[in-house]
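Enquirer: Questions regarding the structure given below will be posed in turn.
A short reminder: the numbers here are calculations on the coordinates, not readings from a lab. Just so we're clear, the structure is a prediction, and the values are computed from it rather than from any experiment. Please note: Cβ atoms are built from the backbone with ideal geometry, for glycine as well, and neighbour counts cover all protein chains shown.
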Ligand code: ATP
């Protein structure tokens with residue numbers, strides 16, 4: 001089984017070939033970036049149209065494969081104009097190869113590929129990306145959301161703060177770099193409500209303090225320490241509630257070394273095992289879409305029925321029935 005997949009939900013257009021054992025035979029991506037400001041949906045979609053042929057050609061060449069059995073693409077959730085580029089491209093590719101097509105949920109793909117790439121068994125997932133901040137676990141045939149960020153997600157909050165202080169997009173890596181140089185911890189709103197966290201107040205406060213002359217370094221440091229502590233607290237509570245013995249950090253914010261260190265310390269203290277996906281697969285990529293396609297291959301649709309496949313920009317993780325092994 002060789003699955004070729006397309007990822008296009010947000011900033012990244014990616015294509016990857018994965019085999020039935022989960023070996024990644026190729027993984028090519030091109031991410032939309034700006035020096036200033038955030039993502040404008042139509043500009044991102046335009047980026048995807050411009051790079052798609054090069055990315056797909058590169059992934060096929062890198063894989064060394066000529067024959068494919070399945071095309072998979074991320075049909076949900078995501079930015080509608082970007083999802084539309086993905087579905088159109090995936091249908092064209094599957095027709096050309098004359099193979100079945102499957103649309104999969106991007107967030108669920110982060111979870112299942114996290115298991116593939118780390119060897120974790122039945123963890124509590126801490127999913128921290130641009131658009132998501134969720135504590136998730138598999139219970140009763142669905143990935144249930146135990147807790148989440150109530151208003152904006154962690155990556156989005158970091159990017160908004162970064163935009164305010166003159167960092168480009170994405171701002172997370174630069175915030176991490178500046179945080180290392182921070183010397184003074186400044187108290188910021190720490191808002192945990194049961195299993196949920198709230199990040200809009202801390203964003204407003206950090207912006208106010210920056211405008212009042214507090215250094216970027218001290219603010220990046222304090223922002224990271226505070227937000228990561230909120231998530232360590234709620235993740236620990238999820239481990240305690242579920243009795244699970246593993247924590248798996250996934251999503252683009254998993255690239256942050258300090259975040260991993262804090263979660264690892266928490267896990268060690270309570271005898272749990274901490275996993276995180278490698279930097280290569282923490283952010284959006286098509287390898288995870290290919291793997292999810294392989295898991296769901298029994299539901300793939302033949303070319304004559306491609307009209308029945310559509311995008312679903314708002315589908316949540318807990319709306320997906322886990323019907324695969
Ligand atoms: P989703 O995957 O939920 O659709 P997304 O596509 O925006 O959302 P990812 O590609 O998984 O998300 O992650 C991107 C986010 O990760 C951005 O907000 C970026 O700032 C953040 N990020 C990347 N590297 C770091 C880092 N070193 N520290 C903190 N945040 C980081």
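Enquirer: Taking the Cα-to-Cβ direction at residue 151 and at residue 240 and moving 7 Å from each Cα, how far apart do the two end points lie in nm?
Expert: Roughly 2.7 nm, to one decimal.
Enquirer: For 291, 324, which order do you get if you count the other beta carbons within 10 Å of each Cβ and list the fewest first?
Expert: Going from sparsest to densest Cβ surroundings: 324, 291.
Enquirer: Another question about this same structure. Report, to one decimal in Å, the Kirkwood hydrodynamic radius for the chain based on all distinct Cα pairs.
Expert: Taking the inverse mean of 1/r over all distinct Cα pairs, the chain comes out at 20.1 Å.
Enquirer: Can I ask one more? For the residues 15, 107, what sequence is obtained by ranking on other C-beta atoms within 10 Å, fewest first?
Expert: Ordered from fewest to most neighbouring Cβ atoms within 10 Å, 15, 107 come out as 107, 15.
Enquirer: Rounded to the nearest 500, what is the 222 nm mean residue ellipticity of the chain from helices alone, with -39500 (n - 2.57) per DSSP H run of 4+ residues and division by all residues?
Expert: About -13500 deg cm²/dmol.
Enquirer: A further question on this structure: Which of 55, 28, 191 ends up with the largest GNM mean-square fluctuation for the chain, with Cα atoms connected below 10 Å?
Expert: Comparing 55, 28, 191 in the GNM, the peak value goes to 191.
Enquirer: Subtracting the Cα-Cα distance from 0.36 nm times the residue separation, let me have the gained length for residue 318 to residue 62 in nm, one decimal.
Expert: That pair, residue 318 and residue 62, stretches by 88.7 nm at full extension.
Enquirer: Please check: in the Gaussian network model of the chain (C-alpha springs, under 10 Å), which one of 86, 58, 213 has the largest mean-square fluctuation.
Expert: Of 86, 58, 213, the Gaussian network model singles out 213 as fluctuating most.
Enquirer: Can you sort 301, 104 so the residue with the fewest Cβ neighbours within 10 Å comes first?
Expert: Sorted ascending by nearby Cβ count, the order is 301, 104.
Enquirer: Which angle from 0 to 90°, rounded to the nearest 10, does the C-alpha axis of helix 257-269 make with the longest principal axis of the chain?
Expert: Orientation of helix 257-269: about 80 degrees from the principal axis.
Enquirer: Relative to the first principal axis of the alpha-carbon coordinates of the chain, what is the inclination of helix 41-63, with its axis defined by its Cα atoms, in degrees from 0 to 90 and to the nearest 10?
Expert: With both axes taken from Cα atoms, the answer is about 60 degrees.
Enquirer: Please work out the Cα center distance from region 190-239 to region 47-70, rounded to the nearest Å.
Expert: Centre-to-centre (Cα) distance: 40 Å.
Enquirer: Which shape class, rounded, prolate or oblate, goes with region 122-281 when its Cα gyration tensor gives a ≥ b ≥ c as root eigenvalues, a/c under 1.5 marks rounded, and past that a/b bigger than b/c marks prolate?
Expert: prolate
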